[in-house]
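Right, one structure below, let's go through it.
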Amino acid sequence: MFTGKPHPPSRDWFGLDVFESGVRFRRTGARVYLLEEVPSTNDFLLGRGPAAQGRLCHWKEWGWQASDLMSINPVGLLERGTVVVARRQTAGKGRQGRSWMDCGGLNLSVVIPDHIAARQKGFSVWLGLMVVLALREEFSLDARLKWPNDILVGKRKLGGILLENPGRPGGGVVAGLGMNISTRPELFPPQLQGTATSLLAETGHAIKRGILAGVLVRRVEDEFNRFAAEGWLPWQASLSALDCLLGREVRIRSGVRIHQGRSLGIGPEGALILDEGADQPHILHAGEVHLLGEEDPAR
């Protein structure tokens, strides 16, 4: 758990030597910003906020090369192959204006290629599914998706995704991921006790940030073109099997409206299908979800 004390600079707190992002990713002129501390990795990638101490890393033929520790200005230019990772995030953001409390895990933001598929409703749901599938296949973790893009193990939250579209022509979008890695259950802050979990708590193993980041970036990079070409169909079965809201009673705040009913699953456009007792189910493309009858693992 992060104790609030500043970390001394370290050349390999991330694990750059084990960050295997994939060949296609590296061919785009990949850049990795390894920052000691930022308010928000999404903001830094979008060109907002203060400069940060860190190292800028490039792929050179057969390996990553990192600069010396220096002051780096926020990025702003959304080029494919750009990743920002922070050792500590002081003002992380979640969906619906919530904050994300950094407990010493992976704070990562990445540029998603400029394509209409990345700008459509439901894309963040697909990103959440990619994270779930990668965790299950690579780390044998019983991760599941809580619509739209929270990552749960059992009833506890492991991580979440925030997608931001700056609306710049030819610019792409930014996906931010916060995931708990090495926090023991008893060391989570009091407000997260019983509702948060970590990879260490679930697997018994400490996993380097670089390994986890490589697995997740590679999965999205490898699958994105297929999603752009074929849409939801190849993943619909996985989505249904790993939807932790399916058949559950939920309350959803969507804008100023409150919806309550039984979840019938996630449709082919990433929308939640809700049975509110009317003749036709209600289709929701966004909202804040609470499971009825139990503590909700949101933060």
Do you know which of the residues in region 69-125 that are touching a helix residue (DSSP H, G or I) at 6+ places or on another chain (Cβ under 9 Å), at pLDDT below 85 and part of a strand (DSSP E or B) is nearest to residue 173 (Cα to Cα)?
93
Which number in (1) among the aliphatic types (A, V, I, L, M); (2) exposed (fewer than 15 other Cβ atoms within 10 Å of the Cβ); (3) modelled with pLDDT under 90 marks the one condition that residue 258 misses?
(3)
Do you know which residues across region 155-214 are surrounded by 17 or more Cβ atoms within 10 Å (Cβ to Cβ), without any contact (Cβ under 8 Å) to a residue 60 or more places away in the chain and outside any loop (DSSP other than H, G, I, E, B)?
158, 159, 161, 163, 200, 201
Assess whether residue 240 counts as being within 29 Å of residue 275 (Cα to Cα), outside any strand (DSSP E or B) and either out of contact with any Ser or Thr (no Cβ under 7 Å at 6 or more places or on another chain) or of a type in the set (Ser, Thr, Tyr) (or both).
yes
Tell me which residues, restricted to region 136-154, are touching a residue at least 60 places away in the same chain (Cβ under 8 Å) and closer than 11 Å to residue 125 by Cα.
145, 146, 147, 148, 150
Criterion first (within 25 Å of residue 142 (Cα to Cα), surrounded by 16 or more Cβ atoms within 10 Å (Cβ to Cβ) and among the hydroxyl-bearing types (Ser, Thr, Tyr)) does residue 263 satisfy it?
yes
Checking residue 144 against (1) more than 12 Å from the chain's Cα centre (by Cα); (2) under 14 Å from residue 198 (Cβ atoms); (3) part of a strand (DSSP E or B), which single condition isn't satisfied?
(2)
Scan region 142-155 for residues that are modelled with pLDDT under 95 and farther than 24 Å from residue 40 by Cβ and jot them down.
154, 155
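The values are calculated or read from the model by the stated rules, or taken from the named source; none is laboratory data. Quantities reported herein were computed from a predicted structural model and do not represent experimental measurements. Neighbour counts are summed over all protein chains in view; Cβ atoms, including those assigned to glycine, are modelled from backbone coordinates with ideal geometry.
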